[in-house]
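The values are calculated or read from the model by the stated rules, or taken from the named source; none is laboratory data. Here the structure is a predicted model, which is why all the values come from computation and not from measurement. In this analysis, Cβ positions are derived from the backbone assuming ideal geometry, glycine residues included, and neighbour counts consider all displayed protein chains. We work out accessible area using only protein heavy atoms, side chains counted, and drop any ligands, DNA or RNA first. Shrake-Rupley method; radii C 1.70, N 1.55, O 1.52, S 1.80 Å.
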Amino acid sequence: MATPVPLSVASLYVGDLSPEITEALLFEIFSRYGPVSSIRVCRDYTTRRSLGYAYVNFQNHGDAERALNTFNFEPIRGYPCRIMWSSRDPTIRKSALGNLFVKNLDPSIDNKTLFDTFSQYGNILSCKVALDRNMKSKGFGFVHFDAEKSAKECIEKLNGKLMNGKVVYVAEFQRKSNRAANNSQFTNLYVKFIPQEWTKEDFHRTFSQFGVIKSADLRMDPTGQRQHSGFGFVNYNQHEEALKAIEEGKKIQVGDERYLFVTRFQTNEERKAILDKQISEFKRQNYERFKGKNLHVKNLDEDVTEEELEKVFSQYGAISSLKIERDEKKVSKCFGYVCFNQPENAKTAMEQLNMAVLDGRSKPIHVALHQTKEERKVLLDTQHQMNTAMRQMQPYPTMMFPPVPTSIPQYVTQPQRQNFAPQSQMINPTRGYSSNMMNVRGARGGMARGGSSSRGVYANQGQRSTRRPDSDVSVPLQQRPVNGGDPLVAALAKASPEEQKHMLGERLFPLVYKEQPQHAAKITGMILELEVQELLSYLEAPDQLRKKVQEAVRVLEEYSRNAPQ
């Protein structure tokens with residue numbers, strides 16, 4: 001009997017994949033070469049978006065090798081994939097031995113051309129040409145040999161040679177940490193604020209006093225309107241000479257209170273990284289400084305002014321800044337920001353003004369704490385998952401209202417909608433539930449098992465109520481107090497039933513998500529089947545909402561255990 005090949009030997013790494021590539025598509029492609037045991041596209045833990053690479057496990061080593069030799073560098077949805085053997089040993093991937101850096105490549109050179117050129121010097125583990133967002137070559141790439149000897153031979157034979165009409169540079173790959181160390185021994189300088197009356201000779205003469213110059217370049221103005229562009233580059237023989245030029249060059253005065261600017265030369269990537277880091281740090285500091293104080297206000301009418309907005313929000317505390325965002329034509333974008341001095345004032349304003357209708361306006365405004373892009377992205381992904389789950393929601397078991405509080409007269413008609421699930425999706429409520437949950441029949445207008453036929457009166461009057469005694473759930477929505485109360489009530493009174501459920505769902509879902517993140521979408525959908533007055537009472541009493549969520553979880557578990565397979 002043949003010895004089975006270890007899974008790692010028949011496992012391929014497939015990289016440089018398009019974000020929309022799925023396991024199903026990869027299975028369709030690689031199953032042509034032989035039986036595939038499993039495929040996994042690696043995804044971000046939080047957003048579940050593809051990281052651009054996957055692992056394909058074949059049952060036979062020969063099939064995996066045939067897929068590697070045949071399909072490597074072939075495009076998948078417009079992206080040329082990069083296939084290599086999957087290695088469980090991280091030292092091989094992280095080792096710089098045998099890894100080469102190749103630059104000054106012609107744009108016509110792709111992954112396959114680079115592989116074919118370098119493979120004559122040894123076995124290649126990985127080969128890649130760096131591409132930009134438009135899938136165009138950046139002019140450099142990487143080649144990783146399985147042996148250091150092959151890499152050194154390749155450097156000797158190809159460094160400085162022509163490839164497609166361009167002289168290429170081939171050297172050992174260096175990590176960023178090592179490159180940073182090399183930058184500490186720089187010799188190349190960048191100079192700006194150079195006077196227009198200076199010539200190339202003046203520029204060279206000025207900096208030659210600090211050391212031996214290998215090269216100096218004063219950039220000319222491409223438009224021809226000026227003698228030069230006002231900046232240039234100087235490269236010295238020794239690092240010490242470059243340091244002296246920086247120190248002394250900054251003292252050269254070239255105008256009224258203006259001096260030359262001299263610093264170490266940086267690549268575009270370095271400057272961009274430094275600038276991005278500074279901007280990111282500035283934003284982070286601002287966010288921490290105004291955390292809990294800055295409010296985001298949207299759904300504003302186009303003619304709402306900052307003065308009008310300030311008049312409304314200043315009732316709740318001192319405002320440090322306020323702004324309505326506008327486009328280049330000074331037209332309002334219908335959202336803005338209000339920053340308070342104290343977080344307590346911002347919290348009060350958010351609670352009182354969210355979903356409130358401003359004087360003389362017709363639509364409610366939305367007020368929430370300002371969030372960073374990352375926070376908004378997580379929230380939007382969560383909401384998307386909730387909407388998807390609600391669309392695909394299966395029929396759920398019947399849930400009953402808690403008993404009517406004894407403080408509410410029984411002649412008051414209670415909400416008649418006693419089920420979480422829509423009527424069209426109702427299932428048999430008698431399957432697999434305990435007796436204390438079956439006191440009331442699930443159908444509208446049904447009779448209590450205790451024998452009473454009065455609508456809205458529960459058989460089990462001795463059970464403790466989950467509503468607050470002072471809750472006005474039986475009062476019609478239009479009659480609930482608006483002045484000084486929650487402005488959500490005023491907005492709901494003017495909204496259609498569908499809009500009411502949407503507004504309440506936006507309020508309920510974050511609260512349910514805190515209690516049950518895994519089933520938040522399902523439970524929210526179940527709770528939204530209650531009457532609007534009942535939902536408002538739960539928003540006013542978080543403890544009662546928490547009990548309702550726990551009750552929903554128990555019913556879902558009971559239903560799951562008793563559901564037919």
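Could you tell me the calculated FRET efficiency between Q238 and K277, based on Cβ-Cβ distance and R0 = 35 angstrom, to the nearest 0.05?
Once the sixth-power term is evaluated, E becomes 0.70.
Which residues in segment 258-273 have a backbone N closer than 20 Å to a point placed 7 Å from the Cα of D202 along the Cα-to-Cβ line?
258-263
List the extent of the Cα atoms of segment 156-307 along each of their three principal axes, largest first, rounded to whole Å.
64, 50, 33
Enter the accessible area of T70 (Å², nearest 10), with the probe set to 1.4 Å and all protein chains included.
Number for this one is 80 Å².
Points 7 angstrom from Cα along the Cβ direction at K166 and K192: gap in nanometres?
Those two pseudo-labels are separated by 2.7 nm.
How much of the calculated P(r) for segment 291-373 lies past 15 Å, in percent of all Cα pairs?
52
Which FRET efficiency value, to the nearest 0.05, do you get for E28 and D110 by plugging their Cβ-Cβ distance into 1/(1 + (r/R0)^6) with R0 = 22 Å?
0.35
Step by step: find N for segment 108-208, compute 2.2 N^0.38 Å, then divide the Cα radius of gyration by it. What's the final number?
Dividing the Cα radius of gyration by 2.2 N^0.38 Å gives 1.50.
Would you list E240, E557 from the most to the least accessible area, probe 1.4 Å?
E240, E557
In what order, largest first, do K333, K166 sit by accessible area if the probe radius is 1.4 Å?
Correct descending sequence by accessible area is K333, K166.
Let me cross-check W85: its accessible surface, 1.4 Å probe, with only protein heavy atoms counted, in Å² to the nearest 10?
Its heavy atoms expose roughly 90 Å² to the probe.
Could you give the accessible area per residue of segment 142-241, probe 1.4 Å, as a whole number in Å²?
61
Which order, highest average first, do 149-155, 214-220 follow once you tally other Cβ atoms within 10 Å for each residue and take the mean per peptide?
Packing order, densest peptide first, comes out as 149-155, 214-220.
Please compute the length gained on full extension between Q518 and Y337, using 0.36 nm multiplied by the number of residues separating them and subtracting their Cα-Cα distance.
Gain on stretching Q518 to Y337: 61.9 nm.
Between E310 and N134, take the C-beta separation as r, use R0 = 60 Å, and let me know the FRET efficiency to the nearest 0.05.
Efficiency at R0 = 60 Å is approximately 0.85.
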